1. Answer yes or no: is there a residue in region 9-17 that is at pLDDT below 90 and in a loop (DSSP other than H, G, I, E, B).
2. Please go through region 99-135 and give me each residue that is outside any loop (DSSP other than H, G, I, E, B), over 16 Å from GLU21 (Cα atoms) and not hydroxyl-bearing (Ser, Thr, Tyr), ordered by number.
3. In region 115-138, what count of residues is obtained for those that are touching a helix residue (DSSP H, G or I) at 6+ places or on another chain (Cβ under 9 Å) and farther than 23 Å from ALA60 by Cα?
4. Just give me the residues in region 78-98 being open to solvent by 70 Å² or more (accessible area, probe 1.4 Å) and not in a loop (DSSP other than H, G, I, E, B), in sequence order.
5. If ILE23 satisfies all but one of (1) out of contact with any helix residue (DSSP H, G or I) (no Cβ under 9 Å at 6 or more places or on another chain); (2) modelled with pLDDT of 90 or more; (3) surrounded by 12 or more Cβ atoms within 10 Å (Cβ to Cβ), what's the number of the condition it fails?
6. Would you please name the residue that is nearest to GLN212 (Cα to Cα), looking only at residues in region 62-93 that are of a type in the set (Val, Ile, Thr) and modelled with pLDDT under 90?
7. Which residues, taken from region 53-77, are in a strand (DSSP E or B) and of a type in the set (A, V, I, L, M)?
8. Where the second residue is assigned to a strand (DSSP E or B) and open to solvent by 60 Å² or more (accessible area, probe 1.4 Å) and the first is of a type in the set (A, V, I, L, M, F, W, C) and lies in region 1-18, which pairs have Cβ atoms under 6 Å and are six or more apart or on separate chains?
Amino acid sequence: MYRFYMKQNGEQILLPVAPSELITTVEGESEKVDLVNIGEGSILKDIGLRRISFTVLLPAVQYSFVQTEGVLQPPIFFLNQFRQYKMSKKPVSLIVFRKLVNGTELFSGNIDVSFEKYTVLERGGEQGDFWVEVNLKEYRKITSTTYKMEQKEGQTVLEEFGAKREGKEVPNTYTVKQGDSLWKIAQTMLNDGSRYKEIAEKNNIVNPNKIQVGQILRLG
């Protein structure tokens with residue numbers, strides 16, 4: 001049994017149906033060169049960024065094979081979440097848990113990816129189900145190291161500055177889930193439930209008690 005999670009800014013979602021195939025492509029081709037008096041040769045390049053693709057079913061009803069953590073979210077919830085991933089221009093963690101039928105756990109995977117592209121397919125007669133083809137690309141953060149000079153025993157030693165912990169970053173948008181309220185969203189995302197009025201004003205919500213599952217709210 002496989003379970004596919006996606007996580008960004010501390011929020012995670014479980015795909016309701018594990019994809020039947022997970023395709024990982026590793027790139028990094030060699031470069032052909034022409035050498036004088038020798039002929040053709042090759043320059044081997046570093047391994048490239050992995051590309052990951054799969055097709056996932058977003059069911060409209062609770063089939064026997066659907067995986068949930070509580071209430072089954074409608075397809076529009078996941079479609080809005082995918083759109084948010086693409087719009088955020090930030091990496092998403094793809095986490096895959098693998099377990100055999102007999103309960104034996106295989107290795108788990110955890111990779112940060114960019115949400116490159118997704119294609120939505122609707123099929124007639126499938127009771128509102130959606131199929132989504134997802135294309136991801138491995139994300140590698142570009143960092144630089146800062147050093148300072150220290151004098152030790154008459155010699156200059158370069159010491160690396162310690163990394164600073166980053167505070168929780170508030171996303172620009174939030175997708176409403178089952179059981180949410182504006183106060184709960186404000187408390188979770190802004191650390192202050194009383195700021196629900198700010199969210200209501202930014203989203204032109206007249207009645208703060210009336211929000212819908214799948215609705216995308218502006219926070220920033």
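The values are calculated or read from the model by the stated rules, or taken from the named source; none is laboratory data. Everything numeric in this text was worked out from a predicted model, so none of it was measured. Virtual Cβ from ideal backbone geometry, glycine too; neighbours counted across all protein chains shown. Accessible surface areas use protein heavy atoms only, side chains included; no ligands, DNA or RNA. Shrake-Rupley method; radii C 1.70, N 1.55, O 1.52, S 1.80 Å.
1. Within region 9-17 (the criterion being at pLDDT below 90 and in a loop (DSSP other than H, G, I, E, B)), the answer is yes, since at least one residue qualifies.
2. GLU105, ASN110, ILE111, ASP112, VAL113, PHE115, GLU116, LYS117, VAL120, LEU121, GLU122, PHE130
3. Looking only at that region, the number is 2.
4. If the condition is that a residue be open to solvent by 70 Å² or more (accessible area, probe 1.4 Å) and not in a loop (DSSP other than H, G, I, E, B), then ARG83, LYS86, MET87, PHE97 are the ones that fit.
5. (3)
6. Once the filter is applied, the top-ranked residue is VAL71.
7. Correct list: VAL56, LEU57, LEU58.
8. Pairs found: MET1/LYS99; ALA18/TYR2.
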